[in-house]
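Read the structure below first, then the notes.
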Amino acid sequence: MSIFGSSEERRVSAAGVLALGLSGAAMATEGYFTHAWGTRAKGMGGAALAYPLDSMSGAMNPSLITHFGRRFDGGLAIFMPSRWFDASVPGSGMFPLAPGKFESDKGAFLVPHFSFNWDLKDKKSSFALLVYGNGGMNTDYSEPIFGASEAGVNLEQMFISPTIATHVGPTTSVGLGLIYCIQKFEAKGLANFAPMSSNPGSLTNNGNDTSTGIGFKLGAHHHFSDKFAVGVNYAPKINMSKFDKYSGLFAGQGDFDIPESFAVGFAYTPSEKEAYALDVRQVRYSGVKSVSNKFASPGPLGADNGPGFGWRDMTVIKLGYENKMDDLWTWRVGASYGRQPIEGSEVFFNILAPGVQEWEFTGGFTRKVGKGELSFAAMYSPAKRVTGINPMAPTQNLTLNMRQWEFELGYSIKF
């Protein structure tokens, strides 16, 4: 749902938050979602639904903020993806691409987050304010990939989430996070798709446009025993205001909603020093037409039944391990896997959004420093490729490729 009526008002509302330093990012491991929010959770492969790590855990499971009292957590990630595609020598066809290897230029992005957490007077409830960026999507080709000008897209997302949680029993907590989302988007180099568009003037090279919406996330956490806990969350689709400048590109006249997601997690703590975590999450890209519509959809670009990126739903499994070595050091490792969302038949349009990652491996640590704690996390997602034909020149093969690194530094302190 829209908070402000006109595009100009939305731009003004977004400017202050975007100035916080969100500079965009290429596709993350879960399609265009990051694998976790918070430095500690990232070190454990994103497995944090049932295991409270810090107040940023409320971004994944709002009920977990009851565990932290008065606290600040903040951090900054540098995300470094390599994405490229290979095109074979074309034969005949309506729209063959130049053969060769083409790599997206921009390769490093800064993504911040922070949260403040407070206990309320009843001593059973907590409130937190969380601000965090998403993985988003970005490609920036210096070549005229589609025969016009330099091509690419940039999607940036920022979430502001006031969150409240309470204990409803000695071992059970529930939480609700309201979410105000701001998106910024730009596309360039798509002028040759104008004959396919319902609104060619709102297709490409129109600069940045913004979109806003309000949603929520529900969470619950329950200890079955001192050693075993479960956590769940649910976030319905967020209906975003439309990208008016790109109503001739995205299906639904510029619609680009945040997809529904839900997850369940388990934590096992055999001792005070060790913890094992397992999360399973699904992202329902199928509920967003601009993301899920096939390229071969019958309508023109921008129409409800127009072409999209053809992404399927993703189910992601995450594993994490933590070891508290002593009073100063805590170490973490993790891994996750989710079948990438792009079928071979959809590679053509996904040159702009090659979110093909499946595996990721993580590690990290926390070190007490004075009255606070310094945390670090690293992520590596090995190269993945998806090959298919160019539907507008069926004798040409296209192969999407990506690999990723991420490093994040965080700081926490109680107040």
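The values are calculated or read from the model by the stated rules, or taken from the named source; none is laboratory data. All figures in this text were calculated on a predicted structure; none of them were measured in a lab. Don't worry about glycine lacking a Cβ; one is built from the backbone with ideal geometry, like all the others, and counts go over all protein chains shown. Remember, those area values only see protein heavy atoms, side chains included, never the ligands or the DNA or RNA. Shrake-Rupley method; radii C 1.70, N 1.55, O 1.52, S 1.80 Å.
With R₀ fixed at 35 Å, the C-beta to C-beta distance from Met392 to Met80 puts the FRET efficiency at about 0.65. Each of Phe224, Phe127, Phe68, Phe109 has its accessible area taken with a 1.4 Å probe; listed largest first, they run Phe224, Phe127, Phe68, Phe109. Spatial offset of region 223-263 relative to region 286-324 amounts to 11 Å, using the alpha carbon center of each.
May I ask for the equivalent-ellipsoid semi-axes of region 226-385, computed as the square root of five times each C-alpha gyration tensor eigenvalue and listed largest first in whole Å?
Equivalent ellipsoid semi-axes, largest first: 39, 16, 15 Å.
Adding -39500 (n - 2.57) for every DSSP H run of four residues or longer, then dividing by how many residues the chain holds, sets the calculated 222 nm ellipticity at -1500 deg cm²/dmol. Inter-label distance, Ser271 to Lys294: 5.6 nm, where each label sits 7 Å from its Cα along the C-beta direction. Let a ≥ b ≥ c be the square roots of the eigenvalues of the Cα gyration tensor of region 69-162; is it rounded (a/c under 1.5), or, if not, prolate (a/b larger than b/c) or oblate? Because a/c hits 1.5 or more and a/b exceeds b/c, region 69-162 counts as prolate.
With just the Cα atoms defining each centre, how far is region 136-189 from region 39-101? Give it in Å. Answer, in whole Å: 10.
Within region 120-194, the ratio Rg/Rh, alpha carbon atoms throughout and Rh by Kirkwood, equals 1.35. Here the gap between Lys368 and Leu409, fully extended at 0.36 nm per residue and compared with their Cα-Cα distance, gives a gain of 13.4 nm.
Among Lys242, Lys227, Lys184, which one moves the most in a GNM of the chain with springs linking Cα atoms closer than 10 Å? Checking each option, the largest mean-square fluctuation is seen for Lys227. Kirkwood hydrodynamic radius of region 50-101, from the reciprocal of the average inverse Cα-Cα distance over all distinct pairs: 15.8 Å. Based on the Cβ-Cβ distance of Glu150 and Glu343, what FRET efficiency does E = 1/(1 + (r/R0)^6) give at R0 = 22 Å, to the nearest 0.05? Efficiency, rounded to the nearest 0.05: 0.20.
Ranked highest first by the average count of other Cβ atoms within 10 Å around their residues, in what order do 249-259, 398-408 fall?
Per-residue Cβ counts within 10 Å, averaged per peptide and sorted highest first, yield 249-259, 398-408.
Based on alpha-carbon atoms, the Kirkwood radius and the radius of gyration of the chain give Rg/Rh equal to 0.99. The residues packed around Ala275, meaning those with a beta-carbon under 10 Å from its beta-carbon, carry a net charge of +1 if Lys and Arg are +1 and Asp and Glu are -1.
Each of Lys124 and Val89 was given a label point 7 Å from its Cα along the Cα-to-Cβ line. The distance between the two points is 7.5 nm. The long axis of helix 7-18 is offset from the longest Cα principal axis of the chain by roughly 50 degrees.
Mean sequence separation of contacting Cα pairs (under 8 Å, at least six apart), scaled by the length of the chain, corresponds to a relative contact order of 20 percent. The mean sequence separation of alpha-carbon pairs under 8 Å and at least six residues apart, normalised by the residue count of region 62-168, gives a relative contact order of 29 percent.
Which percent of the Cα-Cα distances in region 24-80 go past 16 Å?
Here the long-distance tail beyond 16 Å is 43 percent of all Cα pairs in region 24-80.
Pairs Lys227/Lys414; Lys273/Lys368; Lys237/Lys289; Lys106/Lys188; Lys123/Lys414: which exceed 19 Å Cα-Cα? The pairs that break the limit, which is 19 Å between Cα atoms, are Lys227/Lys414.
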